[in-house]
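Encoded as structure tokens, the structure appears first; notes follow it.
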Amino acid sequence: MTVHITRHGDASDGGTDAVGGRLSRVDGPAKITGAARYAVEQHLQGLAYAVLVESTIAAGKVQSIDATEARAAPGVLLVLTPDNAMPLKTASDWFGNTPPDVPYCPLARDIIFSGQHVAAVVAETFEQAVAAAALVKVAYDETPAIVDLNDPKAGDGIPIDAMTKEWGDASAAFTAAPVRICSAYTTPREYQVPMEPHGLIAAWQGDRLTVWEPSQWLDGMARTYAEWFAIPFENVRLVAPYVGGGFGSKALALSHGAIAASAAKMLGRPVKLVMTRPQTFTGYGGRASTRQTLALGADAEGRIQSIVHRGVNETSMDGMWVEPLGSTTAIMYAAPNFSSRQNVVRVNTVTPGAMRAPGENPSAFGIESAIDELAYEVGIDPLEIRLRNYAEQDPHTRKAWSTRQLREAFAAGAERFGWSKRTAAPRSMRDGNHLVGWGVAAGTYPVRRAYGEAMVRILADGSVEVESSSIDMGQGTYTILAQTAAETLGVPVEQVSVKLGDSHFARAGVTGGSRLAGVMTGAVFKAAGQALDELIGLALSDPRSPFETLQANTLSVRGGRIASPRGEGPELSIAELMSKLGRDSIEAKGDTMPANSTLEERYKNYTTIAMALPHTEGDYSRYSWCAHFVEVRVDEDFGTVRVSRVVSAMDCGRLYNPKLAESQWKGGIIMGIGQALLEEGIVDRRHGRIVNNNLGDYLVPTNADIPDIEVISVGIPDLHSSALGGKGAGEVGIVGVAPAIANAVFHATGKRVRDLPITLEKLI
């Protein structure tokens, strides 16, 4: 997909061209006018439609599938069941680990969660497929299910040794501490519910597969499709011109994709499959439910002596998902004695998955609630106790922070919020019948680094193309890459067009873990620099160039025009110079891989996460940071909670585009408000079924729920984290919001809610 840029400003009215400028999203006009065509909106000749049939039990076996009526229904082309599905190979995981040499069937005989795919109907029209799917009769042999963490059959779970972090003697230090608190904190299942549901169109030409599918990782998903169908990686093309939100849910090829691609292969025609909203709740796992216990021991001045943390999260019967609950706990505060351990419990659910800030988000709810409780226990201001326990280095690795502007975030946020006007006692602030509460919490997210590549072309007319298989799901990739190329090449940003969302472009890794901006601006910076070097080299050395006689060793390029830095000699536009040189284009591919990387290493980097750089690699520990200050108003009669004010100060290093970064932060904060007050996957304990699997019953924040949100950047460039000094901005905004709200609710009401979401029945 190519996005062309409409001019919003220039250097004279705010410098929007350059990295760091506040250029509006260049894909915005296409989206608001309806010109943007999403993956499943492609129009293909002979398109057929697939509809899934899902299990209605959570545990057991499929005894039989009677598809006789469905096959005879009007327009039906194929009914897929485990008995007639084409054989596929098991694909490697996202680390690239060698898979077992066993067949893979995306349709289940053994049922391990309600909503599992058991059959699919393909018909000439969507309506015919829906009608026929209702005629498929499935008989089950049902067995008792383990519905959630609280099920008596669940047990204590499986210890995850990799999650164990210990130093000092935390147990003894806790016992000896003069001040001790110990509490349990829980979070429910949460779901990404992006506006655009999961779906795809699959089409074959011989042994070549093209898939139009919303994706956060085109190359990784292409690898999975290639392995499923045992075809070369180069034979698979993933196309995602626009992505309507993902929040972690669209990074992997899933079983519904295998079903659609199989049906297309079997029928010899393209097949479209789009999940219904309820199906998205079980087609991919949201955030796992969690339970964690935190024991904090401190001296009388509130200085932490010991942290003992125990966590557990749910996973599925056949998969493994670890929600790293000690991730924030281990680094947020200086603790001389620390112990964190974690188990996972198998329940009858779809395998949970990544949802915005996995691990750090629920981890922060525990530690940021617990330290607030400690503040009240010792009678210290909740902001002061955080500063008193400030970690000057990474407590776990003992490495220096690359940058940590958290102290500055606390100061800036507190000043803007007016924290000094807070009265300490719970229930001491009110406005009429509203109890007013102020809460604070901190958040963090690691700087996840990887490698990427980009192609940059200078064309004969002086315009520039940027090309990469990275994607834009609303976070602004088109825009920041255009700004990077414009600044590096010295051309106006409206002369740059950006092509993204096609796995046949230059390679890119997963758009997740807040890594894309740092990786891809670095790749574009390098590619554009190489293209510029070649252009200037030709201008200085080619006999056809008017600069060849200057005997200069460099030239300057500004505003798309080339001249000597000293002002002597000619001045030409890039288009004029390209014409004189007789060149149609100059292109360069830049990547951030090590120079001696092999082709195998490059393939592994872009199609797995195995080569991602640890955030504690080398001499530094790299994180983004934030501090949230929240005001809530609780109706004293009804117990309803509304967030009335938010001020958040963020340390994300250098901002490539402050307008877009602020939008990302606000989006994360809004999701945090939903997490704190609204969101909860409710399980029917009789059948292990999610009962609020729609946007009418699974509550997410709307405009009416959200107050004015003020965000402040306190970051400084961090060149240990990325080539241009930025740190991740997309996920850190949600981390710490829920505990800040819970802490504000306690200040307002005197009631500590440790079980999300905070609902009126927990306050009355």
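Below are the figures for this structure:
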{"read-out": "Residue-wise HN-Hα coupling along the range 544-553, computed from phi with Karplus coefficients 6.51, -1.76, 1.60 (Hz; x: Gly, Pro)", "value": "7, 7, x, 8, 4, 8, 6, 6, 8, 9"}
{"read-out": "Label-reachable residues, the range 485-510, where backbone N falls under 20 Å from a point 7 Å from Arg208's Cα toward its Cβ", "value": "500-507"}
{"read-out": "The range 112-179 - Rg and Dmax from Cα coordinates, angstrom", "value": "24.7, 73"}
{"read-out": "Mean residue ellipticity (222 nm) of the chain, computed from DSSP H runs ≥ 4 via -39,500 (n - 2.57), nearest 500", "value": "-7500 deg cm²/dmol"}
{"read-out": "For the chain, with +1 on Lys and Arg beta carbons and -1 on Asp and Glu, the positive-most of Ala300, Gln128, Gln45 along the dipole", "value": "Ala300"}
{"read-out": "Nearby aspartates and glutamates by direct alpha-carbon distance to Lys589 (threshold 19 angstrom, same-chain neighbours under 8 apart not counted)", "value": "Asp219, Glu234, Glu453, Glu465, Glu467, Glu487, Asp502, Asp533, Glu534, Glu600, Glu601"}
{"read-out": "Top positive-direction residue, dipole computed over the range 452-607 with Cβ charges, set Gly559, Gly522, Val466", "value": "Gly522"}
{"read-out": "Point-charge dipole on Cβ atoms (K/R +1, D/E -1) for the chain, about Cα centre, debye to 20", "value": "380"}
{"read-out": "Farthest toward positive dipole pole in the chain [+1 Lys/Arg, -1 Asp/Glu at C-beta], among Leu267, Gly168, Ala375", "value": "Ala375"}
{"read-out": "Shape metrics for the range 643-754, restricted to C-alpha atoms - Rg then Dmax, Å", "value": "17.2, 54"}
{"read-out": "Under 11 Å, Cβ to Cβ, from Ala154 - net charge with Lys/Arg +1 and Asp/Glu -1", "value": "-1"}
{"read-out": "Whole-Å semi-axes of the range 478-519's equivalent ellipsoid (Cα gyration tensor)", "value": "21, 13, 8"}
{"read-out": "Amide hydrogen neighbours beyond the local backbone of Leu613, cut-off 5 Å, H modeled", "value": "Arg449, Ala450"}
{"read-out": "Computed lengthening from Glu301 to Thr423, 0.36 nm per intervening residue step minus Cα-Cα distance", "value": "42.0 nm"}
{"read-out": "Principal axis box of the range 396-458, alpha-carbon based, largest edge first, Å", "value": "63, 39, 17"}
{"read-out": "Qualifying trypsin sites (Lys or Arg not before Pro) for the range 73-181 [loop in DSSP, other Cβ within 10 Å: at most 12]", "value": "Lys153"}
{"read-out": "Dimensionless Rg ratio for the range 563-675, taking C-alpha atoms and the 2.2 N^0.38 Å reference", "value": "1.91"}
{"read-out": "Burial order of peptide ranges 268-274, 205-211 (average beta-carbon count within 10 Å, highest first)", "value": "268-274, 205-211"}
{"read-out": "GluC sites (Glu not before Pro) restricted to the range 114-143 and DSSP loop, no more than 16 other C-beta within 10 Å", "value": "Glu124"}
{"read-out": "Scaled radius of gyration (Cα, divided by 2.2 N^0.38 Å) that the range 452-607 gives", "value": "1.10"}
{"read-out": "The range 434-538: Cα Rg divided by the 2.2 N^0.38 Å rule of thumb", "value": "1.35"}
{"read-out": "3J(HN,Hα) from dihedral phi, the range 580-587, Karplus parametrisation 6.51/-1.76/1.60, rounded to Hz, x for glycine, proline", "value": "5, 7, x, 9, 7, 6, 10, 10"}
{"read-out": "Additional length obtainable on full extension of the chain from Tyr104 to Arg686, 0.36 nm per residue less Cα span", "value": "206.5 nm"}
{"read-out": "Restraint check, Lys31/Lys499; Lys165/Lys751; Lys604/Lys727; Lys89/Lys727, Cα-Cα greater than 27 Å", "value": "Lys165/Lys751; Lys89/Lys727"}
{"read-out": "Cut-off under 5 Å, modelled amide H: who pairs with Trp321 long-range", "value": "Ser316"}
{"read-out": "Equivalent ellipsoid semi-axes, the range 145-241, via Cα gyration tensor eigenvalues times 5, rooted, Å", "value": "48, 18, 15"}
{"read-out": "DSSP-loop trypsin sites (Lys or Arg not before Pro) across the range 501-582, with at most 10 other Cβ within 10 angstrom", "value": "Arg566"}
{"read-out": "Check: the range 452-607 dipole with +1 on Lys, Arg Cβ and -1 on Asp, Glu Cβ, in debye", "value": "220"}
{"read-out": "If the convex hull is drawn through the Cα atoms of the chain, its volume per residue in Å³", "value": "172"}
{"read-out": "Rounded to the nearest 20 debye, dipole of the range 609-764 from Cβ charges on Lys, Arg, Asp, Glu", "value": "180"}
{"read-out": "Under-5 Å amide H pairs with Asp472, H placed in peptide plane, nonlocal only", "value": "Val243"}
{"read-out": "Under the Karplus curve 6.51 cos²θ - 1.76 cosθ + 1.60, θ = phi - 60°, whole-Hz ³J(HN,Hα) for the range 282-290, x wherever Gly or Pro sits", "value": "10, x, 8, x, x, 5, 5, 5, 9"}
{"read-out": "Percent RCO, i.e. relative contact order, over the chain, from Cα pairs under 8 Å lying at least 6 residues apart", "value": "17"}
{"read-out": "Extended-chain gain in nm, criterion 0.36 nm per residue less alpha-carbon gap, Asp318 and Lys61", "value": "91.1 nm"}
{"read-out": "Residue exposure sequence - Trp665, Trp625, Trp419 - by fewest surrounding Cβ within 10 Å", "value": "Trp419, Trp665, Trp625"}
{"read-out": "Environment charge of Gly618, counting only residues whose C-beta is closer than 12 Å and scoring Lys/Arg +1, Asp/Glu -1", "value": "+1"}
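No lab work stands behind these numbers, since they all come straight from the coordinates. Predicted, not measured: the structure shown is a model, and the values here were computed from it. Glycine gets a Cβ as well: all are built from the backbone with ideal geometry, and neighbour counts include every protein chain shown.
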